[in-house]
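Colleague: There's a structure below that I have some questions on.
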């Protein structure tokens, strides 16, 4: 955690252009835009700061900044899982047949019974298929 904390501190320090220990919406906007990862309007930056501003000062302190970064990473993870789920799903869920079909395309030959067993391990509601939430549990 210390290495991660140090990485966050360096990024935070870069964003904190005036070195006051806080990140203003305009600092957030400039730095996000400068990284080229996204274009952020001042209004959007203000909305992000307002959503994460725990102490109500209109700025992001270090802990609030870490929360923002980790929230973004979680959003990206969920997005990646949704893309992966789409590869396997059929009619909104992963069936033994759709699992067998996709694994076959990936060069992994499984019987229908093996796919049923794989699904049953994570089928929390017992319906014989995996919905997205069950897929997330499986991938965790």
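To keep it simple, each residue is scored yes or no on (1) in contact with a helix residue (DSSP H, G or I) (Cβ under 7 Å, 6 or more places away or on another chain); (2) at pLDDT below 90; (3) exposed (fewer than 11 other Cβ atoms within 10 Å of the Cβ); (4) under 29 Å from residue 22 (Cα atoms).
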| position | (1), (2), (3), (4) |
| --- | --- |
| 54 | yes, yes, yes, yes |
| 71 | no, yes, no, yes |
| 83 | no, yes, yes, no |
| 93 | no, no, no, no |
| 96 | yes, no, no, no |
| 107 | no, yes, yes, no |
| 126 | no, no, yes, no |
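Colleague: Residue by residue through the range 14-46, note down the ones that are under 18 Å from residue 70 (Cβ atoms) and surrounded by fewer than 17 Cβ atoms within 10 Å (Cβ to Cβ).
Modeller: 14, 35, 37, 38
Colleague: Quick one: which of 9, 30 is assigned to a helix (DSSP H, G or I) and in contact (Cβ under 8 Å) with a residue 40 or more places away in the chain?
Modeller: The conditions single out 9.
Colleague: Here is a further query. Which ranges mark the helices (runs of 4 or more DSSP H) fully within the range 46-140 that have 1 or more residues being in contact (Cβ under 8 Å) with a residue 60 or more places away in the chain and under 30 Å from residue 9 (Cα atoms)?
Modeller: Of the helices (runs of 4 or more DSSP H) lying wholly inside the range 46-140, those with at least 1 residues that are in contact (Cβ under 8 Å) with a residue 60 or more places away in the chain and under 30 Å from residue 9 (Cα atoms) span 62-88.
Colleague: Based on this model, can you work out whether residue 131 counts as surrounded by fewer than 16 Cβ atoms within 10 Å (Cβ to Cβ) and out of contact with any helix residue (DSSP H, G or I) (no Cβ under 7 Å at 6 or more places or on another chain)?
Modeller: no
The values are calculated or read from the model by the stated rules, or taken from the named source; none is laboratory data. Here the structure is a predicted model, which means the values were calculated and not measured. Ideal geometry is used to build each Cβ from the backbone, glycine not excepted, and the neighbour counts take in all protein chains shown.
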